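These notes concern the structure reproduced below.
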Amino acid sequence: MKGQAMWGGRFTKRPDHLVELFNASVLFDARLALHDIKGSIAHATMLAKVGVLTEEEASIIVDGLAIVRTEIEDGKFVWQTSLEDVHMNIEHRLTALIGPVGGKLHTARSRNDQVALDMHLYVREELDMLDELLTEWMSTLLDVARRYDQVIIPGYTHLQRAQPVLLAHHLLAYFWMFSRDRERVRDARKRVDWSPLGAGALAGTTFPIDREDVAKQLDFHQLYENSMDAVSDRDYIVETLSIMAMIMMHLSRLSEELILFTSYEFGFIELDDAYTTGSSIMPQKKNPDIAELVRGKTGRVYGHLLGLLTTVKGLPLAYNKDLQEDKEGLFDAFDTVKPALVIFKAMIATMTVKTDVIEKAMRHDFSAATDLADYLAKKGLPFRQAHEVVGKIVRTCLDRQIALIDIDLATLKEHSEHFEQDALTCLLPRSVVDARNSRGGTSPVAVAQQIQYATAMLQD
Ligand code: ARG
């Protein structure tokens, strides 16, 4: 029957047109085409080695697959939804090119282990790409941190001024977040690097296949030891989505800070024109759209993670068609995270830090208050008492409408006789930062040390 599906033997009619469209995955899984062909070449080569195919049959199949690959690469391949998915489109074209011997490729294989194989190949490659992009992004964060290793900005808790920090220190906090993401990518890769091929539909195969050989050809370091697990496992996709959700969460936090810091109210940072957009009505606007979009798209990537967790949660073993739903969310997540990392890298590398605005803004805060309390504690006052005394000093300043830095020694002495001239010096943002010399702290010495650790980590 012309145009019949490849599984059409037991059917008396074709699926309803809408069913055909609803059932088909080729519109999105065509993305797996080159992995599918690679897997098929390995499979056919193995089948010849174990004598299931003759050497001649295998080489006709392999050469035919090479032609199909070229057609796909050249954009000449015609994808048909009536052929359901990437696997059957390719096999159908192969058979059209080389004749009935093409039908031998599917010996000892099911689409269930085939799609699992394709996805493992695809995810492994994408994780390697993510590793590279994260490394480049981390290296930019480190470069920009080095550039601003003398710039002091307000540090916040509860989004209230807390203690001043080096801008380098602030940026390096992100470096470490992304270094953990990269570690997660590398760890997840180990669990993606397993070959499911040979599981058949669910129970293995009656043919004398050599699973180790296929795994070796495709550079997998392990085999699934249970055929039912091999075809129904989507853990590695959930894990990959969760890593991408985490990367987006980190980018989104940075986005939020960029949005705040580029606002008129803060004005600490200006983004390069190339990474902003204007308004169609308000001529003065320069909007941080990219940061906003990354913040927005974070929700979308979280959605893909939650979507797949929900899809898999009620599934009995082994393969169920629900699992076809593992793809679009994953593809979309990669399509979101990868450009976000690339654009962020360029956006952060080209931003302007407005040091004059920052310096001015810092004059009017109370972020040296802890240091004044530390000063008294170092003179022997219990820290709790010191805290109380400085709280009163802050109150006095607020009442007199002056900044902490504008206080004089006489006023300080009214609050405690322990204050000497050097107490005024410790109020300077530079002194506050310099004094935080503990490991992992914000002093230039501690940050220089941190930069060394980060540099070593980057080269890992
Ligand atoms: N398109 C399917 C998927 O993505 C391939 C496997 C189909 N297997 C089946 N028994 N219908 O999951």
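Brief remarks follow.
One line per residue, one yes/no per condition, for (1) over 29 Å from Arg146 (Cα atoms); (2) surrounded by fewer than 15 Cβ atoms within 10 Å (Cβ to Cβ):
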residue: Ala361; (1), (2): no, no
residue: Asp406; (1), (2): yes, yes
residue: Thr425; (1), (2): no, yes
residue: Val433; (1), (2): no, no
residue: Thr455; (1), (2): no, yes
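- Selection within the stretch 363-385 - assigned to a loop (DSSP other than H, G, I, E, B) and surrounded by fewer than 18 Cβ atoms within 10 Å (Cβ to Cβ): His364, Lys379, Gly380, Leu381, Pro382
- Checked across the stretch 208-220, the condition of being assigned to a loop (DSSP other than H, G, I, E, B), closer than 26 Å to Lys313 by Cβ and in contact with a Ser or Thr (Cβ under 9 Å, 6 or more places away or on another chain) holds for no residue.
- Complete set of residues in the stretch 38-92 that are in a helix (DSSP H, G or I), within 16 Å of the ligand (Cβ to nearest atom) and polar (S, T, N, Q): Ser40, Thr81, Ser82, Asn89
- Scanning the stretch 346-359 for residues that are surrounded by fewer than 19 Cβ atoms within 10 Å (Cβ to Cβ) and more than 20 Å from Val433 (Cβ to Cβ) yields Ala346, Ala349, Thr350, Met351, Thr352.
- Residues of the stretch 232-270 classified as outside any helix (DSSP H, G or I) and over 19 Å from Gly296 (Cα atoms), total: 9
- Set side by side, the residues Leu315, Leu330 differ, and just one is surrounded by fewer than 17 Cβ atoms within 10 Å (Cβ to Cβ), within 16 Å of the ligand (Cβ to nearest atom), touching a residue at least 24 places away in the same chain (Cβ under 8 Å) and under 26 Å from Val26 (Cβ atoms), which is Leu315.
- Hits in the stretch 408-423 (condition: closer than 19 Å to Pro164 by Cβ and surrounded by 12 or more Cβ atoms within 10 Å (Cβ to Cβ)): Ala423
Conditions tested, residue by residue: (1) assigned to a strand (DSSP E or B); (2) under 16 Å from Ala349 (Cα atoms); (3) not basic (Lys, Arg).
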site: Ser139; (1), (2), (3): no, yes, yes
site: Pro154; (1), (2), (3): yes, no, yes
site: Pro164; (1), (2), (3): yes, no, yes
site: Leu171; (1), (2), (3): no, yes, yes
site: Trp176; (1), (2), (3): no, no, yes
site: Asp181; (1), (2), (3): no, no, yes
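- When we screen Asp143, Asp233 for residues that are within 16 Å of the ligand (Cβ to nearest atom) and either out of contact with any Pro (no Cβ under 8 Å at 6 or more places or on another chain) or closer than 30 Å to Val62 by Cβ (or both), the only hit is Asp233.
- Residue within the stretch 160-174 that is of a type in the set (Ser, Thr, Tyr), buried (at least 19 other Cβ atoms within 10 Å of the Cβ), away from the ligand (no atom under 16 Å from the Cβ) and within 21 Å of Phe334 (Cα to Cα) present: yes
- The set of residues in the stretch 98-120 that are more than 16 Å from the ligand (Cβ to nearest atom) and in contact with a helix residue (DSSP H, G or I) (Cβ under 7 Å, 6 or more places away or on another chain) comprises Ile98, Val101, Gly102, Gly103, Lys104, Thr107.
FYI, it's all coordinate maths here, none of it is from the lab. Keep in mind that what you see is a predicted model, and the values were worked out from it rather than measured. Reconstructed Cβ throughout: ideal geometry from the backbone, glycine too, with neighbour counts over all protein chains shown.
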